[in-house]
Amino acid sequence: MTNVIVPTAVDARLLRHFANLSFGFWTGPTRRKATLFVVGLFACLLLNLAPAIAVNRWNKFFFDALQNKDQRLIILSIGLMLALAFASALTSVALLQTRMRFQLRWREWLTQTLVRRWMERRRFYQLSVLRLVDNPEARIAEDGRIAIELFVDFATGVTNALLMAVSFVSVLWFIGGSLTIGGVTIPGYLVIAVVIYSASTSFGMLLLGRPLVARVEAKAAAEADFRFELSHTRENAETIALIGADDAERERHYARFSQVALRWVAVIGRQARMLFLSSGNNVLAPAIPLMLGAPK
């Protein structure tokens, strides 16, 4: 049975704290810049959607020309495809530029905010003495980057998927038409089938992939502890050499890496489960539309 991690009250509180911190980019002096980036990103998504819809319509135009053996229309369709390819390349570049610059500016604001809080009231010294937070410098540099980049990538991907779905569902509904089975007519049956299939595969991926988050976090923490121990040995090399603690240090490093390896195996297991589902879906995805369209 799949082990699904349920967020605790502490997790929810940390999530709210992170949201209040990181989304200050939208409420402070940088809110105008943030708004412009979001508007520009959404506009680029819409522009990037246009060539995809045009290519869908181009397919009908091109294959009709082939069926009718109309040489003039075939040449015209080739020219249209070149134009669509150029337009798609331009919109893709614009989307990439806007998305990555947005990530950079948001991360720049978050990094400055975290560094300021870390240095205020000598918190950097208090944290190093009390060890309340492991590797704060790694959290500022790496976790801050990951949090911003993945959030923007995820939000962009979801928005693009919704726009694609809205655009093509209407096309699929009217082109697919209805299907009569046993005297019962199912309107837009292709759309219904797509929703059921997509929902079932997405739910399966959620069940298999959600525990991976905790496994990756545990592995990252073990990697950070291992790096810290190695740095500690380098910084205290003279003392370790004088007291002859070489063997003890080596064994501690071995033990630390054993934790890394153990948590790495847990990540591998979760990724293998996800790959099982995605690989099967890659084989089924091209065949299912053909089977659904066969009755027509």
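Here are the numbers for this structure:
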quantity: Matching residues, the range 156-186, being touching a Ser or Thr at 6+ places or on another chain (Cβ under 8 Å) and in contact (Cβ under 8 Å) with a residue 12 or more places away in the chain; calculated: L179
quantity: Qualifying residue in the range 272-285 (condition: among the basic types (K, R) and in contact with a Lys or Arg (Cβ under 9 Å, 6 or more places away or on another chain)); calculated: no
quantity: Unique match (being crowded, with 17+ Cβ neighbours inside 10 Å and basic (K, R)) among R116, R122, R32, R99; calculated: R99
quantity: In the range 220-232, residue nearest to P136 (Cα to Cα) [restricted to those that are among the hydrophobic types (A, V, I, L, M, F, W, C) and open to solvent by 50 Å² or more (accessible area, probe 1.4 Å)]; calculated: F228
quantity: L162 vs. criteria within 17 Å of the chain's Cα centre (by Cα), over 15 Å from P289 (Cβ atoms) and either among the basic types (K, R) or open to solvent by 60 Å² or more (accessible area, probe 1.4 Å) (or both); calculated: yes
quantity: Residue, farthest from the chain's Cα centre (by Cα), within the range 207-219, restricted to residues that are open to solvent by 40 Å² or more (accessible area, probe 1.4 Å) and not β-branched (V, I, T); calculated: K219
quantity: Residue pairs meeting the criteria (Cβ under 6 Å; at least 6 apart or on separate chains; first open to solvent by 50 Å² or more (accessible area, probe 1.4 Å), in the range 80-91; second among the charged types (D, E, K, R)); calculated: none
quantity: The range 233-251, subset surrounded by 14 or more Cβ atoms within 10 Å (Cβ to Cβ) and part of a helix (DSSP H, G or I), residue modelled with the highest pLDDT; calculated: T233
quantity: Among (1) aliphatic (A, V, I, L, M); (2) under 18 Å from the mean Cα position of the chain (by Cα); (3) surrounded by fewer than 16 Cβ atoms within 10 Å (Cβ to Cβ), the one test that I192 misses; calculated: (2)
quantity: Filter result (over 32 Å from the mean Cα position of the chain (by Cα) and of a type in the set (D, E, K, R)) within the range 220-253; calculated: R234, E235, E238, D246, D247, E249, R250, E251, R252
quantity: Tabulated pairs, the range 1-27, first more than 22 Å from E149 (Cα to Cα) and modelled with pLDDT of 75 or more, second part of a loop (DSSP other than H, G, I, E, B) and open to solvent by 100 Å² or more (accessible area, probe 1.4 Å), C-beta under 9 angstrom, 6+ apart or interchain; calculated: none
quantity: Selection status of R273, within 25 Å of P136 (Cβ to Cβ) and surrounded by 14 or more Cβ atoms within 10 Å (Cβ to Cβ); calculated: no
quantity: Some residue of the range 135-142 being closer than 26 Å to M274 by Cα, acidic (D, E) and surrounded by 15 or more Cβ atoms within 10 Å (Cβ to Cβ); calculated: no
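The values are calculated or read from the model by the stated rules, or taken from the named source; none is laboratory data. All values reported here derive from a predicted model rather than from experimental measurement. Neighbour counts run over all protein chains shown; Cβ positions are idealised from the backbone, glycine included. Ligands, DNA and RNA are stripped out before the accessible areas are found, and what is left, the full protein with its side chains, is counted by its heavy atoms. Shrake-Rupley method; radii C 1.70, N 1.55, O 1.52, S 1.80 Å.
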